[in-house]
Structure formats: C-alpha cells, structure tokens
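Colleague: Dropping a structure here in structure tokens format, bear with me for questions.
The values are calculated or read from the model by the stated rules, or taken from the named source; none is laboratory data. Note that this is a predicted model, so its numbers are computed, not measured. When we count neighbours, we look across all protein chains shown, and the Cβ atoms used for this are built from the backbone with ideal geometry, even at glycine. Surface areas here come from the heavy atoms of the whole protein model, side chains and all, with no ligands, DNA or RNA. Shrake-Rupley method; radii C 1.70, N 1.55, O 1.52, S 1.80 Å.
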Amino acid sequence: MSNDSRSDKPATQVVQAGRRPEWTAGIVNTPVWRASTILYDSVAHLRESAGRDTHHRLFYGRRGTPTQWSLADALTELEPGAEGTFLYPSGVAAIAAALLAILSPGDELLLVDSAYDPTRGLATGLLKRFGITTRFYDPMIGAGIADLIGPNTRAIFMESPGSLTFEVQDIPAIVAVAKAHDIATLLDNTWATPLLLPAIALGIDYTILACTKYIVGHSDVMLGSVTAGPGRFAALRDTSFQLGQHVSPDDAWLGSRGLRTMAIRLKQHGESALKIAHWLKGRPEIATVLHPALPDCPGHDVFVRDFRGPAGLFSFVLNGGDEAERAALIDGLAHFGIGYSWGGYESLAIPVDPHRHRSVNRREHAGPMIRLQIGLEDADDLIADLDRGLARFAAARG
Ligand SMILES: *Cc1c(COP(=O)(O)O)cnc(C)c1O
C-alpha cells in the first residue's frame, strides 16, 4: 500500500493496516511466525545484527516476528501522528509498562478516580512500593487539573469514559495543561478504540488498549497495546524490552484477525447499545442511564464534541432496590452472560458497585447499578430479555 493511497476511513483502515507485502508474502493474512532462535549465516552476520536496531528485524524470538509487528503496525496506522506501538500479554501489562516507562522514584502520578480498578491497584501497590506517589482526581476536573500539579508531577493518566460510571473527560483541556508543564499524558482508550477516538491526534503521549476487548472481539485472547506519540516510542520500547514483555504470535495473529472486522462490529455494538440505552431510560424501574451519548451522563457535551460515535458498554442505576432484587434481574437473563471483561460478540450483564473503587468523588446513586455489554445479538431480543428482567426486579421489590 503506498502512502498516498491510504484512506482515513476506519472501515478501510482496519482492513488494510499492517499488511506489508514482505510479511504477508502473497497471502491475505500475515501468517503465524513462531520463533525463539533466529539463525544467522555467519559469525560476522550475528555480530553485525547485535549492534543494529531490531525494530522490524528478526533478532531473537522475544523481539517478535512479522506476526506481532503486523498487528503493532496496524494499531500505529490507526492513530494519525503516532510513532509506534508495543504489544503486551494483557491490558494491565500494557498500562504497567507505559507507566514504568515514564515514572521514577520520587515522581507523582495524577490518576483519574474513575480508572479501571487494577490501574488503581498498580498505583497503590507496585508504584507506591517503588517510591512513586499517586493523587486521584475527579474525572470532571478538566482544566482544573492545573491546581493539582506539583513540582514532582510527571504524568497524568486518563480513562474516558471512566470504568463503571462512564464520565467523559475533557482530554484536550487536560492535555493543554500537561503540555504547558512538560508532563506526560496517558489515556486508557479501551472503550472507544482509535476508531471512535484517535488519541494521539488529540495530543496524548501514550494511548493504551486492552486489545482483549474490541480488537480481539471474540472473548478468547488476552492482549494489550500501547501506542506512543512523537518522540515517545524509544522509552516505551526500552522499558518493555527490559521487562521482557512479549506476546505469542498466535495471540497476535488472533488480534489481527479480530481487527479486520472491528469497524463493522463496533458500529453494530454502538447502534444496539444506544437503542437499548434509550429504551431503558424510558422505564420507571430505572433512575439513570450512564451512557456517554445520553445527556444524563457526566461529560455528555464533551462526548458529542470529541468522539466519532458510541461503543457498546454502559451502566444503568435502578430506582431503589437491594442486592437480592438486583440479582433477580440479572440471574434470569437468557441472552446475557454474567462475567467480567467485554468487547466480545456476546452480551454480558454484571452488578457494579463503583463507590468501592472511588476516593475523590463518591457520587450518590438512587439504587444499585448494572453494567451491560451489548453484543451482536438482535437488539429486540435483548430488549425483550431486559423487559422480563425488570419484571422480575419489580416482583422481587413487591
Ligand atoms: C479490561 C480492561 C483493562 C484490562 O485489560 P486486560 O486485558 O483484561 O488486562 C484495562 N482497561 C479497561 C478500561 C478495561 O476495561
């Protein structure tokens, strides 16, 4: 693919990205290249290779083969302005590597209060042990983040929309403050993916995906990625090499296979989820629907301004009720599985209790909360299932 014929349309991009002719060797998908040892022609060849940059060059299995490079390159191509991407064996491993690439003992991290809970665990666990302090901030802080910056602040971590509660952050406002203070910015972009929010173009330095979710798309592989902005890739790669990070070619291959259909999957997830969110909003058993495309969701105006469309994951708050009544709704669902993770083709429902994972702003909610991942089933089947669930909830409430 020559550069000038490259499309900026997501559906075309996910089909073409990363498929270099020298890697695909005439077939459509980059095959699985498995390797630990790479053989050299001579001692001279081995010596010469040892001194060279191993980016996109066979060196030793841990540095990858075309199978991993193809997926990494595809993710870079989806982020206009990005310098490079490194893959990880999970989303959490990606978050850890990105933070460790930037932070040193004595540094302070500003971490959004609505971050994925294991991200909090990393900050209050390993990072703290290594002398890095964390201040949590309100997801709605915007340009007000300037007030939290101290002499040791080195990085600002965002996640938008936030896990469980879906607050949409004002990324451009926070990036502007960070740039003025020479502070690195990181974004967990798992919900939107680069298709709905190209993050490097917004000035983010490191954009992180749990590829486990929409990239893989079939609930059968753990995978993560960090895509670095201009001038940011070398630090990420050095740290990742030192940590020994590596993804199996089989998993990378499944990631690439998922990516090829992601644009159309994401479109359907988004459409069905929005339809269901609107339906839920009209129901008397429900107090609030926390979906970024609906006005009740904090940061809705920012969502409309910055995002290209909705994804398929959101929460809703019941109008009163307790643990058992919430369980009555979820337990009888026929089309929704009960399980963690999301981004696969199947629908999921779980009880969520965000106040357990917040330290800055425990927003009060009218009742218990449920998070839905809307899969690729017919949306009307899902609505009928939820309708029966709400009837069970109402009956349990008496
Ligand atoms: C699932 C998830 C992760 C972690 O990804 P794993 O691959 O499960 O480690 C990180 N961030 C968000 C927002 C997630 O939903």
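Colleague: Could you list, in sequence order, the residues of the stretch 195-249 that are assigned to a helix (DSSP H, G or I), within 16 Å of the ligand (Cβ to nearest atom) and either within 19 Å of A98 (Cα to Cα) or among the acidic types (D, E) (or both)?
Modeller: Matches in the stretch 195-249: S240, L243.
Colleague: Taking the condition of being within 27 Å of R265 (Cα to Cα) and either open to solvent by less than 10 Å² (accessible area, probe 1.4 Å) or within 15 Å of the ligand (Cβ to nearest atom) (or both), how many residues in the stretch 167-194 meet it?
Modeller: Number of matching residues: 13.
Colleague: Of everything in the stretch 55-103, what is assigned to a helix (DSSP H, G or I), within 16 Å of the chain's Cα centre (by Cα) and acidic (D, E)? Give them in sequence order.
Modeller: Once the filter is applied, which keeps residues that are assigned to a helix (DSSP H, G or I), within 16 Å of the chain's Cα centre (by Cα) and acidic (D, E), the stretch 55-103 yields nothing.
Colleague: Out of T76, T67, report the one residue that is β-branched (V, I, T), open to solvent by less than 10 Å² (accessible area, probe 1.4 Å) and more than 16 Å from the ligand (Cβ to nearest atom).
Modeller: Sole residue among the options that is β-branched (V, I, T), open to solvent by less than 10 Å² (accessible area, probe 1.4 Å) and more than 16 Å from the ligand (Cβ to nearest atom): T67.
Colleague: From the list R34, R19, which one is open to solvent by 90 Å² or more (accessible area, probe 1.4 Å) and either charged (D, E, K, R) or more than 33 Å from the chain's Cα centre (by Cα) (or both)?
Modeller: R34
Colleague: Among the residues of the stretch 356-364, is any away from the ligand (no atom under 16 Å from the Cβ) and surrounded by 20 or more Cβ atoms within 10 Å (Cβ to Cβ)?
Modeller: Taking every residue of the stretch 356-364 in turn, none turns out to be away from the ligand (no atom under 16 Å from the Cβ) and surrounded by 20 or more Cβ atoms within 10 Å (Cβ to Cβ).
Colleague: Could you please give the count of residues in the stretch 104-160 that are part of a loop (DSSP other than H, G, I, E, B) and either open to solvent by less than 30 Å² (accessible area, probe 1.4 Å) or touching a residue at least 12 places away in the same chain (Cβ under 8 Å) (or both)?
Modeller: Residues that pass the stated criteria total 19.
Colleague: Could you list, in sequence order, all residues of the stretch 335-346 that are touching a residue at least 24 places away in the same chain (Cβ under 8 Å), in contact with a Leu (Cβ under 6 Å, 6 or more places away or on another chain) and within 16 Å of the ligand (Cβ to nearest atom)?
Modeller: W342
Colleague: Just to be sure I understand the filter: pairs with C-beta atoms under 6 Å, separated by 6 or more residues or on different chains, first member in the stretch 355-375 and touching a residue at least 12 places away in the same chain (Cβ under 8 Å) and of a type in the set (S, T, Y), second member open to solvent by 10 Å² or more (accessible area, probe 1.4 Å) and assigned to a loop (DSSP other than H, G, I, E, B). Which pairs pass?
Modeller: Between residues of the stretch 355-375 that are touching a residue at least 12 places away in the same chain (Cβ under 8 Å) and of a type in the set (S, T, Y) and residues that are open to solvent by 10 Å² or more (accessible area, probe 1.4 Å) and assigned to a loop (DSSP other than H, G, I, E, B), there is no close pair.
Colleague: Scan V352, V302 and give me the residue that is out of contact with any Phe, Trp or Tyr (no Cβ under 9 Å at 6 or more places or on another chain), away from the ligand (no atom under 16 Å from the Cβ), open to solvent by less than 20 Å² (accessible area, probe 1.4 Å) and touching a residue at least 24 places away in the same chain (Cβ under 8 Å).
Modeller: V302
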